[in-house]
Amino acid sequence: MSNPSVYPVPDTYLENTLLDEEGYLELYNRSIHDNEAFWREQGQRLDWIKPYTQVKDVSYNKEDLHIRWYADGTLNVSANCLDRHLAERGDDTAILWVGDEPGQSREISYRELHAEVSLFANGLKSLGVKRGDVVTIYLPMIPQAAVAMLACARIGAIHSVVFAGFSPEALAGRMDDGGSRVIITANAGRRGGRSVVLKQNVDKAIALCKETSIENVVVVNCTDDETPWQEGRDVDYGKLLAAQDAECPAEEMGAEDPLFILYTSGSTGKPKGVLHTSGGYLTYASLTHQYVFDYRRGEKFWCAADVGWITGHSYVIYAPLANGGTTVMYEGVPNYPDVRRVAQVVDEHQIDILYIAPTAIRALMAEGDKPVEGASLESLRLLGTVGEPINPEAWKWYYRTFGRSQCPIVDTWWQTETGAAMLTPMPGATPLKPGSATRPMFGIQPALVDGEGNILEGATEGNLVILDSWPGQMRTVFGDHQRFIDTYFSTFAGMYFTGDGARRDEDNYYWITGRVDDVLNVSGHRMGTAELESALVAHPSIAEAAVVGFPHDIKGQGIYAYITLNAGEEPNEEMRLAVRNWLRQEIGPIATPDVIQWSPGLPKTRSGKIMRRILRKIAANEFDQLGDISTLADPAVVEQLISNHNALG
Ligand code: WT7
């Protein structure tokens, strides 16, 4: 291939691959043309208690919307991730845990993990947790996070993992929405050399809950930090385990029984509880993990995401364990004790596959080649990225440094809603183009549509939709099915709307251009502008607020808040800090605004709608691209906004 911007499949992959390019195209075509047969076959990667006879039962018609896969089959997800591996690979390492401090690590075999999950599952039962109950998990990156998730799955409880970086307010909202009566937490976690208190956040959150009352808080003691204790309510994890039977039969669950809820932000309202079910989700997660990462038994797979996000659910826990692999669980951050840490962990543990977010790559790249100084990295044979578009410069840096110009990079596009990877290269099959998530996964039919929902052909740009269902698709918004239909199936009739825009090139490669709705992607964390704005206006000094994203070198997008204070309030430094801390308190540190601009007025249409397009352009310094501002109620506002923006320096 002569095109310098195309990276052909390396010879090492051509010799020994699961699938070459021709193989990919053949299987992909079959997966579309013989869709049901393909998925009937793929379901076989799991162990079923009662085999399914039905495969796909789907309608994308919004009057009769339903998505069901393998519906008459029964199985247990934890048994698929643990029990079925015991006979052949019980002593293989299931979890390689790597601690925040260098030198700390622990290997947990399938047998050990199975034993602890069984004990804890019995422990949950002893607290009255039953099949169908929602259990909240608010844990750092410790093995007990995996234990807690799998223990819920074992007894048919639905877990709702809340990222441990969320504030008590954000946690309370999710506990209320899910209606959980039990929460699993730790006294504190370790991150970047510091303790992060968690149990205290849980206590505060419980006091804030309006809809649900928490009966038990299970606490893992993972640091030396003291923690307040409420007798009768709080339960020590170790003591709970010590009181249990070792055997816990796995509950027989329907394929369509819920496995978990995971909250994610949308363009309107509160975060949505994305609901995933059992059989389809695990089938799809397992399939993608095998093909996208060309995963082989015994390899160490390091997905550096937190279990609080979908990437952590699917590629730290469920997919690698369903495939009998070794998953690396890293407690810390990429730059502690210094920027060489990621490479050191790779060398020390001889990691085979590294899957991290572009924002981490950009943060490391800002240090030149120091992050790989003195490292060998020869154990790595494949790299991956996820969560946001990767700029070609960062891609090439990652390829040259961590990849030693030998490892393919799989840039995987997907969403909380999709369960697992949707657009992605496969290492032996896909010539790579830096910045492109390339081609669809088996069974996935992406399309680009214009504003009216007309399907666009050829090399073009448009709204990214998916035309037909796949087993890993979310099934509903927990407690609000109408919101599910409205959000994903109403913009364009008869198709799933992703909320992303994309371009397709002459080779049929997809290039994600970013969200086309009011959702931000800040360091790979998804945030709704509506959610940020409603938190802001809840502050007693704020009259009005509008939030937009702007290009940020490391975070991808930064948070830019335009704020109108109440009459009589002083727009000074003290107020700026108060507003900043307010967002951290209401949502969490990930919601820390990068820029706060005092705005005596916001650009509104005569009907009162804020024209965000203008705010986005000003935040990005694109004053010459403001477009038509004549429809504004008061066009003079724009001059004022630009001069205040410039004054920020
Ligand atoms: C949004 C989903 C995928 C799990 C982690 C994030 C953006 C995700 C890519 C990629 C360009 C990407 C999209 C998507 N996104 N992966 N490889 N290239 N953009 O899951 O929090 O649900 O966010 O992240 O905008 O819609 P999420």
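Tabulated data
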read-out	value
Between the range 517-551 and the range 350-418, the alpha-carbon center distance in angstrom	29 Å
Centre separation in Å (Cα based) which lies between the range 89-136 and the range 19-77	29 Å
Links that overshoot a 26 Å alpha carbon limit, given the list 62/555; 270/555; 270/609	62/555
Rg(Cα) / (2.2 N^0.38 Å) computed for the range 130-176, rounded to two decimals	1.15
Convex hull projection area averaged over all views, the range 247-293, Cα basis, nm²	5.5 nm²
Pairs of alpha carbons in the range 496-583 whose separation is greater than 19 Å (percent)	50 percent
3J(HN,Hα) from dihedral phi, the range 481-486, Karplus parametrisation 6.51/-1.76/1.60, rounded to Hz, x for glycine, proline	5, 4, 5, 4, 5, 5
Whole-angstrom Cα spans of the range 160-299 along principal axes, big to small	46, 44, 37
Rule-of-thumb Rg ratio for the range 535-649 [Cα; 2.2 N^0.38 Å; N residues]	1.04
nm² value of the averaged projected area, convex hull over the Cα atoms of the range 239-324	8.6 nm²
Three semi-axes of the equivalent ellipsoid, the range 267-375, Cα gyration tensor, whole Å, largest first	27, 20, 10
Around residue 176: net Lys/Arg minus Asp/Glu count, Cβ-Cβ under 13 Å	+1
Sequence of 204, 617, 62 from largest to smallest accessible area, 1.4 Å probe	204, 62, 617
Interatomic Cα distance distribution for the range 12-149, bins of 5 angstrom, percent	2, 8, 11, 13, 13, 15, 15, 12, 7, 3, 1, 0
Inverse mean reciprocal Cα-Cα distance (Kirkwood Rh) of the range 123-206, Å	12.9 Å
Accessible-area ranking of 256, 251, largest first, probe 1.4 Å	251, 256
Solvent-accessible area of residue 270 with every protein chain in place, 1.4 Å probe, in Å² to the nearest 10	140 Å²
Percent antiparallel among DSSP beta bridges (both partners in the chain, rounded to 5)	60 percent
DSSP-defined antiparallel bridges as percent of all bridges, the range 75-184, nearest 5	40 percent
Environment charge of residue 372, counting only residues whose C-beta is closer than 13 Å and scoring Lys/Arg +1, Asp/Glu -1	-1
Other-chain or far-sequence residues with amide H under 5 Å of residue 333's (modelled H)	192
Per-bin percent of Cα-Cα distances, the range 74-158 [10 Å]	18, 46, 29, 7, 0
For the chain, calculated [θ]222 nm from helices alone, where every DSSP H run of n ≥ 4 adds -39500 (n - 2.57)	-8500 deg cm²/dmol
Intensity falloff of the range 292-343 expressed as log10 I(q)/I(0), Debye formula with alpha-carbon point scatterers, at q = 0.25 Å⁻¹	-0.95
Whole-Å distance, taken between Cα centres, linking the range 561-625 and the range 298-334	37 Å
Rg and Dmax [Cα atoms of the range 1-91; Å; Rg one decimal, Dmax integer]	19.0, 53
Nonlocal amide H pairs with residue 235, under 5 Å, H built at 1.01 Å	217, 218, 219
Per-q log10 I(q)/I(0), the range 607-647, q = 0.29, 0.31 Å⁻¹ (Debye; single scatterer per alpha-carbon; no solvent)	-1.15, -1.27
Kirkwood hydrodynamic radius of the range 350-390, from inverse mean 1/r over distinct Cα pairs, in Å	11.2 Å
Rg(Cα)/(2.2 N^0.38 Å) for the chain, N = residue count	0.94
Debye log10 I(q)/I(0) for the range 522-569, one point scatterer per Cα, at q = 0.15 Å⁻¹	-0.43
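The values are calculated or read from the model by the stated rules, or taken from the named source; none is laboratory data. Computed from a predicted structure; not experimentally measured. Using ideal geometry, Cβ is built from the backbone for each residue, glycine included, and neighbour counts are taken over all protein chains shown. With ligands, DNA and RNA removed, areas are computed over all heavy atoms of the protein, side chains included. Shrake-Rupley method; radii C 1.70, N 1.55, O 1.52, S 1.80 Å.
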